[in-house]
Every structure is written in C-alpha cells, then in structure tokens.
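Below: the structure, in structure tokens.
The values are calculated or read from the model by the stated rules, or taken from the named source; none is laboratory data. Keep in mind that this is a model prediction, so the values were computed, not measured. Positions of Cβ are generated from backbone atoms using ideal geometry, with glycine treated the same way; all protein chains shown enter the neighbour counts. These area figures cover heavy atoms from the full protein model, side chains too; ligands, DNA and RNA do not enter into them. Shrake-Rupley method; radii C 1.70, N 1.55, O 1.52, S 1.80 Å.
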Amino acid sequence: DTGVSQDPRHKITKRGQNVTFRCDPISEHNRLYWYRQTLGQGPEFLTYFQNEAQLEKSRLLSDRFSAERPKGSFSTLEIQRTEQGDSAMYLCASSENRAGVTQYFGPGTRLLVL
Amino acid sequence: AQSVSQHNHHVILSEAASLELGCNYSYGGTVNLFWYVQYPGQHLQLLLKYFSGDPLVKGIKGFEAEFIKSKFSFNLRKPSVQWSDTAEYFCAVTRGSSNTGKLIFGQGTTLQVKP
C-alpha cells in the first residue's frame, strides 16, 4: 500500500498528558498537511510543510501543538498538556508541489482525551 | 474569512433517486474546487475536482459537478444513486493564488441511500 499512513489509529489519553502522532506521506510528495476534524464538521487546516519547512500554521494551532517534518519525509504532530477540547480526528494529507493537485488523505488518528 | 457552505446536512434518498448536493464558497478570486467522499470506515478520497476549463466536471462512480462562477457554487450531482453511495460528502476550496494549497472544507453532508 503506497498511500498515506498514520499511526496510531486511535489514542486515549488523560487530560494533561502529551501525545504524538506520526504521518508517513506518499513518498514522492513534497507537500504535507495536518487537519483536525471534530464530530459533524469538515476537516480544518492546522499546518502545512513543503519538504522540511513548515510554511503555514493556523491560528487553531495553539502553543501546545507542535509539528515537525525533520527530513522532509514523515511528520509528527505533538500535543502537550492535552485538554478535553483536543478530542478529535487528526488527519494527514500529502500532495505534489503544484497548484490545484489532489491531496491524498490518510486514515486519521482519533484522539480521545478523558 | 473564506468559507464553504454545504446546505444539506443530512440527505436521505431511495435507490435510483437523483442527487444534488449544494456547495457555495465565499472567496471572490480564482479558486480550485473539490468534492471529497468518506465512505463508512474509510478515509477521505477525491470524487472530482475543478481546476480550470470546462465547468462541468465528471468524477468517479458517475458523479459530476458544475462550477457556476456567478453563483459561487459547485454543486454535486448524480442521476441515480445506489446504496453504496451512502457516505459523507465534503466540498472544499483552495485559493488559486495560494502558495500552500490548503483546503477549506464545508461542514459535510451525510447521504443515506435506502435500498
């Protein structure tokens, strides 16, 4: 399977704990995106990487959130001091580095903060 | 701020009925438009997209969408739905001038097709 993969698929944590999610994009894709989706809503943009450079961050991404893509391949999204409001599906997508191209989504990591 | 509105939150149809899901966006410049679908238990996948050219776009599984620039709309249609079309449908937009290509999604429409 050469699609976008995410790990873990599910994560349950207690409020105040730190969590880290991983995304492996399609190998030849330069662009990588993180989105967050809550129940009954469409995905909301969080952040964008072109290769290893993080070029845009949403205001949704508080200082408790940090994302990296150290070698321009896989990416991690860390949430520190989790809050119940962080419970959501975290989606990763990747695409080629051209305008109007398709973003391919991974299966997501569902986070539940108790 | 740019937004995307999907008018129908939950649609229930019988098999063979025709489908039209509304989508409007608020951005006035050049846009790229997408419809994504999420089948139960599966991840988001692209149904179709409009980048330029013919405003009537055909996608997978018999779906099509028409870009009407004057109405800021990109409605999704299918002449005859099947039970397997039961899914959640998302309209999304990127700004043509965007360097990042980030998608702005609507809130989604849940389609339930009764056999």
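Observations on the model:
- Flag if B:ASN75 is without any contact (Cβ under 8 Å) to a residue 40 or more places away in the chain and either outside any helix (DSSP H, G or I) or more than 21 Å from B:GLY29 (Cβ to Cβ) (or both): no
- Single unsatisfied condition, B:THR94 versus (1) crowded, with 21+ Cβ neighbours inside 10 Å; (2) among the polar types (S, T, N, Q); (3) outside any strand (DSSP E or B): (3)
- Selection status of A:ILE12, out of contact with any helix residue (DSSP H, G or I) (no Cβ under 9 Å at 6 or more places or on another chain) and more than 17 Å from B:LEU103 (Cβ to Cβ): yes
- If you go through region A:61-77 and keep only what is in a loop (DSSP other than H, G, I, E, B) and not hydrophobic (A, V, I, L, M, F, W, C), you end up with A:SER62, A:ASP63, A:ARG64, A:ARG69, A:PRO70, A:LYS71, A:GLY72, A:SER73.
- No other residue among A:ARG81, A:ARG98 is modelled with pLDDT of 95 or more, in a loop (DSSP other than H, G, I, E, B) and surrounded by fewer than 16 Cβ atoms within 10 Å (Cβ to Cβ) apart from A:ARG81.
- Filtered by the rule that a residue be over 13 Å from B:GLU88 (Cβ atoms), open to solvent by less than 50 Å² (accessible area, probe 1.4 Å) and within 9 Å of chain B (Cβ to nearest Cβ), region A:34-45 gives A:TYR35, A:PHE45.
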